[in-house]
Amino acid sequence: MLADFQQALADLTASPELCIAVRADASLLSSRYVLSEREARRLLEIARHPGMACACTVYRMNRLAPLAMNLRDTLRALGSALRPLISDYWRDHPQGHAHFFIESNRFCRWLRLRIEEGEIVPPDVLPLLERDAAAVRAAIAASCTETPLE
């Protein structure tokens with residue numbers, strides 16, 4: 001049960017939408033996780049706590065950091081389309097990657113696929129995405145080389 005409690009807490013922190021859903025229907029916790037009564041009660045209290053909005057924001061800012069650092073021009077070009085797109089990306093990829101370049105590359109591939117499937121973005125996004133993606137791929141290649149031992 002402890003592992004489910006920890007997973008539920010992580011899921012709540014990563015998803016403001018889940019927090020809102022749990023506030024409206026506490027039975028969602030027991031339908032998704034194996035929890036003791038005490039664990040379910042604590043998680044409901046956490047989801048209802050006013051500070052949880054802050055925790056979700058901090059989590060999302062940590063997820064956004066690698067993209068902001070590595071894909072600055074693409075994100076700027078997305079403008080107001082960024083917010084819904086990034087929420088969709090996080091829903092599709094709920095677990096971030098600790099390696100900033102790999103996370104950025106994953107977002108580039110995801111966004112490129114969305115655009116190919118018809119996602120409407122400002123016209124300057126695609127060339128900037130291609131340029132940023134190439135820079136990220138080059139950084140991955142450079143950071144993943146092995147140096148021979150002397």
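For the stretch 5-17, give me the residue count where each residue is surrounded by fewer than 17 Cβ atoms within 10 Å (Cβ to Cβ) and charged (D, E, K, R).
Qualifying residue count, the stretch 5-17: 1.
Within the stretch 112-130, does at least one residue satisfy the condition of being surrounded by 12 or more Cβ atoms within 10 Å (Cβ to Cβ) and within 30 Å of ALA8 (Cα to Cα)?
Within the stretch 112-130, one or more residues are surrounded by 12 or more Cβ atoms within 10 Å (Cβ to Cβ) and within 30 Å of ALA8 (Cα to Cα).
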Unique residue being touching a Ser or Thr at 6+ places or on another chain (Cβ under 8 Å) and buried (at least 16 other Cβ atoms within 10 Å of the Cβ) when the list is LEU67, LEU75, LEU43, LEU28: LEU67
Scope the stretch 3-41; condition in contact (Cβ under 8 Å) with a residue 12 or more places away in the chain and either basic (Lys, Arg) or more than 20 Å from PRO94 (Cβ to Cβ) (or both); matching residues: ARG23, ALA26, ARG32, SER36, GLU39, ALA40
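We did not get these values from a lab; they are worked out from the coordinates using the rules stated. Values in this document were obtained by computation on a predicted structure and should not be read as measured data. Note that we place each Cβ from the backbone using ideal geometry, even for glycine, and neighbour counts take in every protein chain shown.
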